[in-house]
Amino acid sequence: MAVAQKMIRLTTKGRCHVLDITGQVEDIVAASGIRQGIVNVAGRGSTIGITTIEFEPGAVSDLERALEQIAPANDDYAHNARWGDHNGYAHLRSALLGTARSFPVRDGAVYLGTWQQIVLCDFDDHPRQREITVTVLGE
């Protein structure tokens, strides 16, 4: 069993900024030399999400709209009252979406569907520096 781990560092805009990180994850998997196994993509923070989507403007807009309906940015959140900030919605969206995902590695590549891209969603209310840990395990 082999393990490889690398960090991806990104600057985000916040407010549901969706970034396609598929290429970076694919590069890390290819460089790992692992042919069969699994890759875990984990975001560091409680106001981000990792998921998959067809990364095209319509689908990204639909995701943003759905998240706004589920956890509106301008709603009344206990978190905001407790801490005096305004990102309660960001924490809720992150909890619902999740901060990590795992994908199969097959023949030395991330095994994704044709229209499936791995994305980072930054929900916080201001730009941030984000870290994503990519861990590849296998043979």
Of the numbered conditions (1) surrounded by 17 or more Cβ atoms within 10 Å (Cβ to Cβ); (2) farther than 20 Å from T11 by Cα, N74 fails exactly one; give the number of that condition. (1)
When the residues of the range 78-119 are filtered to those that are closer than 17 Å to D20 by Cβ and in contact with an Asp or Glu (Cβ under 6 Å, 6 or more places away or on another chain), which remaining residue is surrounded by the fewest Cβ atoms within 10 Å (Cβ to Cβ)? W115
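Residues that are acidic (D, E) and either under 16 Å from the mean Cα position of the chain (by Cα) or at pLDDT below 95 (or both): list the strands (runs of 3 or more DSSP E) wholly contained in the range 14-85 that include at least 1 such residues. Working first, answer last.
Values: elements: 17-20, 37-43, 48-53.
Counting at least 1 such residues, we get 17-20.
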Using beta carbons and a limit of 6 Å, which pairs, at least six apart or on different chains, have the first residue in the range 77-106 and under 13 Å from G49 (Cα atoms) and the second one among the small types (G, A, S) and in a strand (DSSP E or B)? S94/G49; L97/G49; T99/G43; A100/A42
Say whether the condition of being over 24 Å from G88 (Cα atoms) and in contact with a Gly (Cβ under 8 Å, 6 or more places away or on another chain) is met by at least one residue in the range 37-60. yes
What's the number of the condition T47 fails, among (1) in contact with a strand residue (DSSP E or B) (Cβ under 6 Å, 6 or more places away or on another chain); (2) surrounded by 14 or more Cβ atoms within 10 Å (Cβ to Cβ); (3) polar (S, T, N, Q)? (1)
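Taking the range 107-139 as the search range and keeping residues that are in a loop (DSSP other than H, G, I, E, B) and hydrophobic (A, V, I, L, M, F, W, C), which one is nearest to I34 (Cα to Cα)? Full working, then the answer.
Narrowing the range 107-139 to residues in a loop (DSSP other than H, G, I, E, B): 107-108, 111-116, 123-127, 139.
Filter once more, keeping what is hydrophobic (A, V, I, L, M, F, W, C): 112, 115, 123.
Working: L112: 16, W115: 24, F123: 32 Å.
Filtering first and then ranking leaves L112.
The values are calculated or read from the model by the stated rules, or taken from the named source; none is laboratory data. Model, not experiment: these values are computed from the prediction. Glycine gets a Cβ as well: all are built from the backbone with ideal geometry, and neighbour counts include every protein chain shown.
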